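Novice: A single structure is presented below for examination.
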Amino acid sequence: MTAPVLTLRAGSGGDPVFCLPPGTGLGWQYTQVTRFVPESSSVHAVQAPFIAGASEAPTDIRELARRYAELLIETEPSEAYRLVGWSFGGNVALALAAELQSRGKRVGPLVLIDSAAKVPEQYLERNAEMTSATAALLSLGIPVAPEDMSLLSTQDAITRIRATENFMADFDSTTIEAVVHSSAWSLEVMLAAQYPTFDGDVLFVRAVADRMRAAALTADAAEQWSPFIQGDFRMIEVDAAHADLLDRATVELYGHELERELAR
């Protein structure tokens, strides 16, 4: 559960698929994606450094991409890789794709699942009024009352998570603390990000059910990402909230498009 890379499914010689960690840092959230990956390909999920027990991690997205590139090559050496990233994982996936290309690897397709190249101002304003524990709870889809947003501690987050049916309810305290840490770190990385250019095609999956947040987060995704993508940018919209995009029922909504893309 806390390894740097989780192998979600072994393959039989196809180009490996690597999924990059969202703000929670947890790679195994991609489990449902494996059903729509060609059977010949292995599926691996990278986890954030803090989940794997690291005490520090780079906040420069290009340095992070270099470290992840080494990890991918060590995990499964290949001449070609396919990358998937949800939320913050998409930001990292794009930087990683460019890094792998700089090493002579083929990358494609690249799948970004509701990832924002720019952090919206209204999100930053809201984030300034909340603790990292609150931000982590919200990223997990756990509601927090406005009056509590600036007050919650990591221990409060642990207590609240354990009182829900969230997938993290049975996690140990150390792992939940690592998720809170990863959530704060991912925002820091995004705010400082200077993206390289990826020479390839992108499938973008956009959540539109949570109308207000969707409009702020990825309404102009094509415009946000276009300076960093030299290939085609294809967007599909999914009637789901951002936090639900890796849930089994939601993956069913876009899974066949994902399967078609990964089989190219």
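The values are calculated or read from the model by the stated rules, or taken from the named source; none is laboratory data. Quick caveat, the model's predicted, so the values are computed rather than measured. We place every Cβ from the backbone using ideal geometry, glycine too, and count neighbours over all the protein chains shown. Note: accessible area is taken over every heavy atom of the protein model, side chains too, but ligands, DNA and RNA are not part of it. Shrake-Rupley method; radii C 1.70, N 1.55, O 1.52, S 1.80 Å.
Novice: Residues of the range 185-199 being crowded, with 17+ Cβ neighbours inside 10 Å and either within 17 Å of residue 24 (Cα to Cα) or at pLDDT below 90 (or both), which ones?
Specialist: Those that are crowded, with 17+ Cβ neighbours inside 10 Å and either within 17 Å of residue 24 (Cα to Cα) or at pLDDT below 90 (or both): 185, 186, 187, 189, 190.
Novice: Hey, can you tell me all the residues within the range 106-134 that are under 21 Å from residue 60 (Cβ atoms) and either modelled with pLDDT of 95 or more or of a type outside the set (Val, Ile, Thr) (or both)?
Specialist: Step one: filter the range 106-134 for residues under 21 Å from residue 60 (Cβ atoms), giving 107, 110, 112, 115-119, 124, 127, 132.
Matches in the range 106-134: 107, 110, 112, 115, 116, 117, 118, 124, 127, 132.
Novice: While we're looking at this one, here's another question. Could you grab me the full set of residues in the range 20-29 that are touching a residue at least 40 places away in the same chain (Cβ under 8 Å) and open to solvent by less than 10 Å² (accessible area, probe 1.4 Å)?
Specialist: The answer is 20, 21, 22, 24, 25, 26.
Novice: Filter the range 110-164 down to the residues that are of a type in the set (A, V, I, L, M, F, W, C), in a loop (DSSP other than H, G, I, E, B) and in contact (Cβ under 8 Å) with a residue 12 or more places away in the chain and list them by number.
Specialist: 116, 117, 119, 130, 140, 142, 144, 149, 151, 152
Novice: Count, please, the residues in the range 26-37 that happen to be modelled with pLDDT under 95 and assigned to a loop (DSSP other than H, G, I, E, B).
Specialist: The qualifying residues number 1.
Novice: Within the range 200-218, is there a residue that is under 17 Å from residue 96 (Cβ atoms), open to solvent by 30 Å² or more (accessible area, probe 1.4 Å), touching a residue at least 40 places away in the same chain (Cβ under 8 Å) and assigned to a loop (DSSP other than H, G, I, E, B)?
Specialist: yes
Rundown of residues vs (1) outside any loop (DSSP other than H, G, I, E, B); (2) of a type in the set (A, V, I, L, M); (3) touching a residue at least 12 places away in the same chain (Cβ under 8 Å); (4) crowded, with 21+ Cβ neighbours inside 10 Å, yes/no style:
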residue	(1), (2), (3), (4)
1	no, yes, yes, no
8	yes, yes, yes, no
18	yes, no, yes, yes
56	no, no, no, no
77	no, no, no, no
92	yes, yes, yes, yes
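Novice: Under 9 Å between Cβ atoms, which residue pairs at least 6 apart in sequence (or on different chains) link something in the range 237-259 that is open to solvent by 60 Å² or more (accessible area, probe 1.4 Å) with a partner that is of a type in the set (Lys, Arg)?
Specialist: Filtered contacts from the range 237-259: 237/206; 248/35; 252/35; 259/35.
Novice: Within the range 246-261, is even one residue aromatic (Phe, Trp, Tyr), closer than 17 Å to residue 29 by Cα and modelled with pLDDT of 95 or more?
Specialist: The answer is yes, given that some residue of the range 246-261 is aromatic (Phe, Trp, Tyr), closer than 17 Å to residue 29 by Cα and modelled with pLDDT of 95 or more.
Novice: Are any residues in the range 129-152 more than 22 Å from the chain's Cα centre (by Cα) and open to solvent by 50 Å² or more (accessible area, probe 1.4 Å), and if so, which ones?
Specialist: Of everything in the range 129-152, those that are more than 22 Å from the chain's Cα centre (by Cα) and open to solvent by 50 Å² or more (accessible area, probe 1.4 Å) turn out to be 129, 146, 147, 150, 151.
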